[in-house]
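Encoded as structure tokens, the structure appears first; notes follow it.
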Amino acid sequence: MTPTPFYADATVTLYCGDMREIVPGLGRVDLVLADPPYAETTLAWDRWPDGWPTIAAQATDSMWCFGSMRMFLERALEFSTWTMSQDVVWEKHNGSGFAADRFRRVHEHALHWYRGAWSAIRHEVPRVARPGPAKSVRNRTAVPHTGKISGGSYVDDGQRLQRSVIQAASAHGRAIHPTEKPTAIMAPLIEYGCPPGGVVLDPFAGSGSTAVAARLLGRRAVLVEADERYCEAIVARLAQGDLFAELTA
Ligand SMILES: C[S@@+](CC[C@H](N)C(=O)[O-])C[C@H]1O[C@@H](n2cnc3c(N)ncnc32)[C@H](O)[C@@H]1O
């Protein structure tokens, strides 16, 4: 049965409820961008929804998933229907760890998972301006992602593939969700896996950062969030005028 949206406009559709009940009723999307409960705190919502990676696979063949190394190791079996292609590190400007007996934690992982043929998966790495003088570089293509390296032409368009360690200030101090991700870390992940005009599904929407980034990038977003208070916060956030300011904050 098709679920009823909590909110919808031209680019964003938000469902309020358990993603395990809602996602099976949605259509296929280009990309899932998931920031699930890591189940590492005592926060009421921080409980791992059993089986959610398999449910996400009903909607897409390409998924970014945030998490800690511990989360991915402990939940490895839950991702057994997926193949991992790569990991990206979000380096924050401040720490989020509370334990004085460990290094101050200033990063999160985002792992990319896919199903089926790699060639059928969109994988457009954002390109960024290269600092320094002009220089020739080898333009290589890995086919598939873990396999042989092909290509060999030399180009210099003044740009480089975006680095796998991405620095982005956290939303600390202005966040409306305790684990809110900044738009600046969502944007390159969406660009990579979702084509312009395509649809990205965030099954654990929280404050709606995925929708903000998707809008800025000309993609559509489908969100699911279990907590009605956060659903209301998402609607209020989307009503704000200058979403671009969030990208550069
Ligand atoms: C890590 S937070 C996401 C934060 C979000 N990425 C942001 O930038 O604000 C996880 C969210 O998933 C929600 N959640 C937990 N279990 C859920 C479920 N079964 N279905 C849908 N949402 C769920 C929680 O209420 C919480 O807001």
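The values are calculated or read from the model by the stated rules, or taken from the named source; none is laboratory data. Since this is a predicted model, take the numbers as computed values, not measurements. Heads up, the Cβs are rebuilt from the backbone with ideal geometry, glycines too, and the neighbour counts pull from every protein chain shown. SASA here: full protein model, heavy atoms, side chains in, ligands and nucleic acids out. Shrake-Rupley method; radii C 1.70, N 1.55, O 1.52, S 1.80 Å.
Values computed for the structure shown
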| read-out | value |
| --- | --- |
| Hits in the stretch 67-84 - residues which are out of contact with any Leu (no Cβ under 8 Å at 6 or more places or on another chain) and open to solvent by less than 20 Å² (accessible area, probe 1.4 Å) | S68, M71, F79, W82 |
| Qualifying position, being outside any loop (DSSP other than H, G, I, E, B), touching a residue at least 40 places away in the same chain (Cβ under 8 Å), within 14 Å of the ligand (Cβ to nearest atom) and surrounded by 12 or more Cβ atoms within 10 Å (Cβ to Cβ), among I166, I190, I176 | I190 |
| Some residue of the stretch 94-109 being β-branched (V, I, T), open to solvent by 70 Å² or more (accessible area, probe 1.4 Å) and more than 16 Å from the chain's Cα centre (by Cα) | no |
| Residue check for E225: at pLDDT 95 or above, touching a helix residue (DSSP H, G or I) at 6+ places or on another chain (Cβ under 8 Å), surrounded by 15 or more Cβ atoms within 10 Å (Cβ to Cβ) and acidic (D, E) | yes |
| Residues being surrounded by fewer than 18 Cβ atoms within 10 Å (Cβ to Cβ) and either modelled with pLDDT of 95 or more or away from the ligand (no atom under 13 Å from the Cβ) (or both) - total across the stretch 8-46 | 13 |
| From the options G218, G206, residue that is in contact with a His (Cβ under 9 Å, 6 or more places away or on another chain) and modelled with pLDDT of 95 or more | G206 |
| Any hit, the stretch 140-162, residues being modelled with pLDDT of 90 or more and part of a loop (DSSP other than H, G, I, E, B) | yes |
| Pairs where the first residue, in the stretch 205-233, is more than 19 Å from E21 (Cβ to Cβ) and within 12 Å of the ligand (Cβ to nearest atom) and the second is in a loop (DSSP other than H, G, I, E, B) and open to solvent by 40 Å² or more (accessible area, probe 1.4 Å), C-beta under 6 Å, 6+ apart | S207/I176; A233/I176 |
| Candidates A236, A211, filtered to the one that is part of a helix (DSSP H, G or I), of a type outside the set (K, R) and surrounded by fewer than 19 Cβ atoms within 10 Å (Cβ to Cβ) | A236 |
